[in-house]
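K.L.:
Please find one structure pasted underneath; my questions will follow.
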Amino acid sequence: MRTVLFLFFFILTSNYTVLAQQKPYDASLISKDLLPYASAVVRNQQIDIEVKDINTTIYHFKKAITILNKNGDNMARLVVFHDKITSIKYIKGTIFNEFGIQTAKFSESDFEDANTTDGFSLFEDVKVKHYTPSVTVYPYTIEYEYEQKIKQSLEFPQWQPNDGIGIAVEKSVLTFTCNPDFNIRYKETNMPTSVDIQHNKDATVYTWQVANLKAIKYEPYRPNNQDYLISIKIAPEQFSYYGINGSFNNWQQLGKWEYDNLVSTRQELPIGTKDHMVEITKDITDPKLKAKKIYEYVQTKTHYVSVQVGIGGVQPFLASEVDAQNYGDCKALVNYTQALLKAVNIESYYCVVEANHDGEAKVGFLPDFASMDQGNHIILCLPFKNDTTWCDCTNQTIPFGYLGSFTDDRYVLACTPNGGELLHTPKYTAHDNLELRKINLTINATGDINGNMLTDFKGITYPYREGIIMESGEERLKSIAALYAINNINISRLDYTQNKGMNPVTTENMDFKAPEYGSVTGNKILFLLNPVNRITTTPKELRNRTSNVYISEGYTDEDEVTYTLPAGYHPDANLLNINIKKDFGTFKVSTVVIGDQLIYKRRLQVKDGTYPKDMYQEVVDFYQSVEDADSYNFTITKN
């Protein structure tokens, strides 16, 4: 019996010793439940925000993240911003191997310090310290922490513990500490638990925490991040920002503060400039056409340069400075255009918007939560009666009244003398976003083709050729040849015209030829019915999809191709006719032969919206049908 007990305690003690020897960041300690779809696992994250007083905030950030494979390397890159009011007290970190054994240390001296320039910035206060560990053996863990002192209490970083696809989280905690009389509002999104609030004599402490969050797998057509990721936004009731005090509880009050402190005092113009605006619009009676004249004046006079200095980079240049220097950023150019419009008694609104680039999701202002951290761009609204018009003042080529996908279909904050107002920018629908193409081709007995292609781009497609239009003749031909996947294409003429009316259209007109477009075999010629506008990829198959299907932009493509066949040839294949109708889109193809002409028509329409996740397979099948039809080879045979 003693022997049995001894062995039992020996085994128990041995196991305890092994566990005790394991390091906290040993990758083998990660729960297997967190590994599916994960490229990285946040082992522990602690964010502490402490408002010392209305002028001072301390931000402390500590995080340990295990990188499982090369897809997670970007999550190991460390970025810390600083500017005139944000100072870094320290940065330090440690790197561990897969067994949790320390392999390296780093500090602030190992970070590179650079401007956060975007390629257009002339002046910029904001800098970024960044560091990327040079580790290539997976898994590895990086633990780091830093502290900042921030001389403001208006903006607080949003907390998103699982801030992207492929990241699992063991534990993440956010604490917000402030004086009892410093009141805040907060918005919890997708939080599994509510905030814990501790009221002490000297401080109020808010705590949010999550644990064991599984990684979100990549799924095509997934909804916007804000629809499913956990987040906490915090906004103060009273604040100080670059020495300017204020208070707000809603968008009306925040917009009023922005108008009074950032905009209203920046619009004085020289008398001569005001008189010039009156002069160039004196023969125009329609206020909208007057505004168009002034907008086009700004486009020809000024150019865009990013400026990120002064009151946190949110206050525009003086209108008089833009008038004298002929450049400005989005803030300055909108403010300047407003001032010019005011000279001829046209009302306009300075609007803050969250703009997105190609491929990014649309994000609008939250109607139920006002905060300063929403918005990264400024546009202009002209509230004509029954004809509200929107303008982006940073682009020297787009038409008056055109926004495009950069800022369409979302809530924005209009800053007016009466306060802030949430407005919604216009939406470009599937019926507005048109690509209309007519092609006339002659194919000869050796498979060569030559002919003309005329294409109209409307709605969000209007600027699709903007980059090519700005190129020189030779570069333009190279670019368009690379865009259209026709082997041996030789373009003899390429012209562009742009109608910049209220429904703008870019028209592309080109003559071209392509030797051996068709493949000749004996007395047969095979060629693609659809020469240029083809779907070549299909969304991948998914089992157990978890999210709804979200299509952010709708569009309509209409193509008509007329082939003049060589003498003595006739079709030797079934004519292609397809008609598919789904809730999210339609696809129709028809081919007919009239005399020596083969006429191919294709219409693809995709409708934006959110659809049930069970419909995803229908989306896959739909695009597979389109891809198959677009790659259809037609055969003609000599009589």
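Read the figures in this text as sums done on the coordinates, not as results from a lab. Please read these numbers as outputs of a predicted model, since none were measured by experiment. Every residue, glycine among them, receives a Cβ derived from its backbone with ideal geometry; neighbour counts consider all protein chains shown.
K.L.:
Please state the Cα pair-distance histogram of segment 27-244 with 5 angstrom bins from zero: what percent is in each bin?
P.N.:
Taking every Cα pair in segment 27-244, the percentages come to 1, 6, 13, 16, 17, 17, 14, 9, 4, 1, 0.
K.L.:
May I ask you to evaluate 6.51 cos²θ - 1.76 cosθ + 1.60, the Karplus curve with θ = phi - 60°, for each residue of segment 548-557 and list the ³J(HN,Hα) values in order in whole Hz, giving x for glycine and proline?
P.N.:
The phi angles translate into 5, 8, 10, 10, 7, 10, x, 7, 9, 10 Hz.
K.L.:
Which distance in Å, rounded to a whole number, links the C-alpha centroids of segment 230-262 and segment 130-173?
P.N.:
When both Cα centres are located, 26 Å separates them.
K.L.:
At 0.36 nm per residue, minus the direct Cα-Cα distance, what do Thr265 and Tyr242 gain on full extension? Give it in nm, one decimal, please.
P.N.:
Details: separation 23, 0.36 × 23 = 8.28 nm, distance 1.66 nm.
Value of the extension gain: 6.6 nm.
K.L.:
Put +1 on the Cβ of each Lys and Arg and -1 on the Cβ of each Asp and Glu in segment 248-424; which of Pro383, Val314, Phe406 then has its Cα farthest toward the positive end of the dipole?
P.N.:
The one lying farthest along the dipole's positive direction is Pro383.
K.L.:
Continuing with this model, one more query. Along the charge dipole of the chain, pointing to its positive end and built from +1/-1 on Cβ of Lys, Arg, Asp and Glu, which listed residue (Asn326, Ala445, Thr175) has its Cα farthest out?
P.N.:
Positive-end residue among those listed: Thr175.
K.L.:
Net charge near Pro157: determine it from the other residues with C-beta under 12 Å of the C-beta of Pro157, scoring Lys and Arg +1 and Asp and Glu -1. Don't jump to the answer; show the numbers that get you there.
P.N.:
Values: positive: Lys233; negative: Asp48, Glu155, Asp163, Asp373.
The answer is -3.
K.L.:
Where in the chain are the DSSP H helices whose alpha-carbon span along the long axis reaches 20 Å or more and whose Kyte-Doolittle mean is at least 1.0?
P.N.:
On the way: long enough: 2-21 (28 Å, 1.27); 287-301 (21 Å, -1.14); 616-630 (21 Å, -0.71).
Taking the DSSP H segments of the chain (at least 20 Å long, mean hydropathy at least 1.0), we get 2-21.
K.L.:
What is the magnitude of the charge dipole of segment 27-244 about its Cα centre, with +1 placed on the Cβ of each Lys and Arg, -1 on the Cβ of each Asp and Glu, and no other charges, expressed in debye to the nearest 20? Don't skip to the end; give the middle numbers.
P.N.:
On the way: 23 positive and 27 negative charges, 76 e Å.
Charge dipole of segment 27-244: 360 debye, to the nearest 20.
K.L.:
Additional query: What residues from segment 144-172 fall in the zone where the backbone N is under 14 Å from a label point 7 Å along the Cα-to-C-beta line of Asn74?
P.N.:
Inside the label zone: 163-167.
K.L.:
Consider all pairwise Cα distances in the chain and report the whole-number % of them above 41 Å. It would help to have the intermediate numbers written out before the result.
P.N.:
On the way: 89833 of 203841 pairs.
I get 44 percent for the Cα pairs in the chain exceeding 41 Å.
K.L.:
Arrange Thr177, Thr136 by Cβ neighbour counts within 10 Å, fewest through most, would you?
P.N.:
Numbers: Thr177 19, Thr136 8.
Result, fewest neighbours first: Thr136, Thr177.
K.L.:
Okay, next question. Is it possible to state the helix-based mean residue ellipticity at 222 nm for the chain, with each DSSP H run of 4+ residues giving -39500 (n - 2.57), the sum divided by total residues, to the nearest 500 deg cm²/dmol? What is it? Before the final figure, lay out each step's value.
P.N.:
On the way: 10 runs with 107 residues, N = 639.
When only DSSP H runs of four or more count, the value is -5000 deg cm²/dmol.
K.L.:
Return the distance in nm (one decimal) between the two label points of a simple spin-label model at Ile594 and Asp373, each offset 7 Å from Cα along Cα→Cβ.
P.N.:
Here the modelled spin labels are 6.2 nm apart.
K.L.:
If you rank His570, His60 by fewest surrounding Cβ atoms within 10 Å, what's the result? Don't jump to the answer; show the numbers that get you there.
P.N.:
Numbers: His570 12, His60 15.
With the sparsest Cβ surroundings first, the list reads His570, His60.
K.L.:
A further question follows. Based on the Kirkwood radius over alpha-carbon pairs, what value in µm²/s does the Stokes-Einstein equation return for the translational diffusion coefficient of segment 289-424 at 10 °C and 1.306 mPa s? Walk me through the intermediate numbers first.
P.N.:
Numbers: Rh = 15.2 Å.
In µm²/s, the coefficient rounds to 105.
K.L.:
What percent does the relative contact order of the chain come to when contacts are Cα pairs within less than 8 Å and at least six residues apart? Mind showing how you got there, number by number?
P.N.:
Working: 1416 pairs, mean separation 63.1, N = 639.
Once divided by the residue count of the chain, the mean separation gives 10 percent.
K.L.:
May I ask you to list the GluC sites (Glu not before Pro) in segment 244-305 that are in a DSSP loop and have at most 12 other Cβ atoms within 10 Å of their Cβ? Let's see the in-between values first.
P.N.:
Details: sites: Glu258, Glu268, Glu279, Glu296; in loops: Glu268.
Those satisfying the criteria are Glu268.
K.L.:
If you put +1 on each Lys and Arg Cβ and -1 on each Asp and Glu Cβ, how big is the dipole of the chain around its Cα centre, in Debye rounded to 20? Don't skip to the end; give the middle numbers.
P.N.:
Values: 63 positive and 78 negative charges, 202 e Å.
Its charge dipole is roughly 980 debye.
K.L.:
Could you compute the FRET efficiency for Tyr464 and Lys151, with r as their C-beta to C-beta distance and R0 at 35 Å, rounded to 0.05? Don't skip to the answer; put the middle values down first.
P.N.:
Working: r = 45 Å, r/R0 = 1.28.
Calculated transfer efficiency: 0.20.
K.L.:
Run the paramagnetic zone check for Thr635: 7 angstrom along Cα to Cβ, then residues of segment 546-571 with backbone nitrogen under 17 Å.
P.N.:
Under 17 Å, as judged by backbone N against the label point of Thr635, lie 569-571 of segment 546-571.
K.L.:
Take the Cα radius of gyration of segment 434-638 and divide it by 2.2 N^0.38 Å, with N its residue count; two decimals is plenty. Don't skip to the end; give the middle numbers.
P.N.:
Working: Rg = 18.6 Å, N = 205, 2.2 N^0.38 = 16.6 Å.
Taking the Cα Rg and dividing by 2.2 N^0.38 Å, one obtains 1.12.
K.L.:
Have a look at segment 195-343 and give its Rg and Dmax from the Cα atoms, expressed in angstrom.
P.N.:
For segment 195-343, the Cα radius of gyration and maximum Cα-Cα distance read 22.7, 69 Å.
K.L.:
Another question, if that's okay. Only Cα pairs under 8 Å and at least 6 apart count here; give the relative contact order of segment 184-275 as a rounded whole percent.
P.N.:
On the way: 69 pairs, mean separation 25.9, N = 92.
Once normalised by length, the contact order is 28 percent.
K.L.:
Through the Karplus equation 6.51 cos²θ - 1.76 cosθ + 1.60, θ set to phi - 60°, convert the phi angles of segment 61-73 into ³J(HN,Hα) values in whole Hz; use x for Gly and Pro.
P.N.:
Residue by residue, segment 61-73 yields 10, 9, 8, 10, 9, 9, 8, 8, 7, 5, 5, x, 4 Hz.
K.L.:
Additional query: Using r as the Cβ-Cβ distance of Ala567 and Lys214, and R0 as 56 Å, what FRET efficiency do you calculate, to the nearest 0.05? Could the numbers behind the result be given before it?
P.N.:
Numbers: r = 66 Å, r/R0 = 1.18.
Taking R0 as 56 Å, the efficiency between Ala567 and Lys214 is 0.25.
K.L.:
Sort Ile49, Ile142, Ile197 so the one with the fewest other Cβ atoms within 10 Å of its own Cβ comes first.
P.N.:
Working: Ile49 20, Ile142 25, Ile197 10.
Taking fewest neighbouring Cβ atoms as first place, the list is Ile197, Ile49, Ile142.
K.L.:
Expressed as a whole number of Å, what is the distance separating the alpha-carbon centroids of segment 551-623 and segment 336-393?
P.N.:
Rounded to whole Å, the Cα centres lie 38 Å apart.
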